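Let me begin by presenting the structure, written as structure tokens, before commenting on it.
The values are calculated or read from the model by the stated rules, or taken from the named source; none is laboratory data. On a predicted model such as this, the values are computed, not experimentally measured, just so you know. Glycine gets a Cβ as well: all are built from the backbone with ideal geometry, and neighbour counts include every protein chain shown.
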Amino acid sequence: MRLTNAAIGLALIVAGGLVAGTGPAAAAGPAVPNGSFEGGFTGGKVTCWNVSTPASTRLTVTQNSHSGLAGYALGHGRPGTRQVIASDRTDRCRIPVTAGRPYTVGLWQSSTAGAQLVLNAYSPAAGWKPWITGAGWPAAGLRNYLVDLPPVPPGVTAVSVGVSAPADSTVVLDDVSVTSRNVTESATVGGVLLRTSFPRGTTLVTNEFAYWSPKNPKSVVSPDWEMTSGSLFARGGAGYTGRARPTRTRAAARTRRSSGSTPATTRSATSR
């Protein structure tokens with residue numbers, strides 16, 4: 001397969017009957033019920049939100065928010081234990097998702113002792129099960145976080161999203177969202193042959209240096225893509241070949257692993 005700079009972003013690859021195209025752009029995904037915390041209270045609690053330690057944590061709302069109101073959890077639990085502020089798992093409040101689809105969780109959050117993203121997943125066969133516990137975020141004022149999730153496991157139809165924090169800390173949570181990510185799909189009449197996605201940030205996915213020197217410790221190898229010439233980057237959830245730059249020798253091209261410059265002609269192929 002041959003990909004020139006005129007096809008920046010992997011817009012279309014055609015080879016041997018295989019057609020690969022950029023999937024739908026990131027779209028407004030499933031609504032997070034009361035993700036803005038503007039929905040008030042239902043049954044004496046914040047609508048569609050709960051806390052795992054109600055005896056020691058007060059969950060209410062505050063105007064110290066990103067916009068409007070925000071969830072506010074004031075914890076008085078035992079040091080060394082955790083509290084989880086999460087969306088309800090009821091039929092009314094669960095967040096619908098599609099198996100095999102990658103999503104991004106967005107939220108505004110502040111904490112006095114650090115926090116981390118947590119998700120539980122629901123399938124009709126297994127019920128609710130823990131799915132993801134994210135890396136820890138440091139104690140900080142209100143900040144925006146975007147977390148790219150792996151594809152939803154088979155059979156899963158809904159998720160619950162929240163944050164875990166020390167039980168004796170204070171957490172503010174606001175404007176929680178779950179959105180679909182850009183997906184590149186390769187398909188034939190027989191069905192999907194490959195489903196993959198690119199990170200939202202700007203990073204090197206792989207390059208020709210990795211193709212020709214896969215055992216070199218400096219090589220960046222992708223499980224999905226190979227570059228026999230040039231480099232492949234992720235930028236904003238899409239594939240990007242970099243700015244075209246004529247190259248005199250292959251050896252010179254191999255040294256530019258992350259400059260954003262690529263030869264005038266790039267060649268990319270799926271590795272599976």
Can you confirm whether Ser219 is modelled with pLDDT under 70 and either outside any loop (DSSP other than H, G, I, E, B) or farther than 30 Å from Ala121 by Cβ (or both)? no
Those residues of the range 117-131 which are surrounded by fewer than 18 Cβ atoms within 10 Å (Cβ to Cβ) and among the polar types (S, T, N, Q), in sequence order: Ser123
Restricting attention to the range 30-43, report how many residues are buried (at least 18 other Cβ atoms within 10 Å of the Cβ) and either aromatic (Phe, Trp, Tyr) or not in a loop (DSSP other than H, G, I, E, B) (or both). 1
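Within the range 44-136, which strands (runs of 3 or more DSSP E) (wholly inside it) include 3 or more residues that are over 23 Å from the mean Cα position of the chain (by Cα)?
Details: elements: 49-51, 57-62, 70-75, 82-87, 103-111, 115-123.
Result: 57-62, 70-75.
Of these, Val147, Val152, Val161, Val176, which one is within 18 Å of the chain's Cα centre (by Cα), assigned to a loop (DSSP other than H, G, I, E, B) and buried (at least 16 other Cβ atoms within 10 Å of the Cβ)? So that I can check it myself, show each step before the final result.
Numbers: Val147 fails: assigned to a loop (DSSP other than H, G, I, E, B); Val161 fails: assigned to a loop (DSSP other than H, G, I, E, B); Val176 fails: assigned to a loop (DSSP other than H, G, I, E, B).
Result of the check over Val147, Val152, Val161, Val176: Val152.
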For Val192, the lone unmet condition from (1) outside any loop (DSSP other than H, G, I, E, B); (2) at pLDDT 70 or above; (3) farther than 20 Å from Arg235 by Cβ is (2)
May I ask you to list the residues in the range 198-215 that are out of contact with any strand residue (DSSP E or B) (no Cβ under 8 Å at 6 or more places or on another chain) and among the charged types (D, E, K, R)? Lys215
Keeping to the range 78-135, report how many residues are among the hydroxyl-bearing types (Ser, Thr, Tyr), in contact (Cβ under 8 Å) with a residue 40 or more places away in the chain and within 22 Å of Pro150 (Cα to Cα). 4
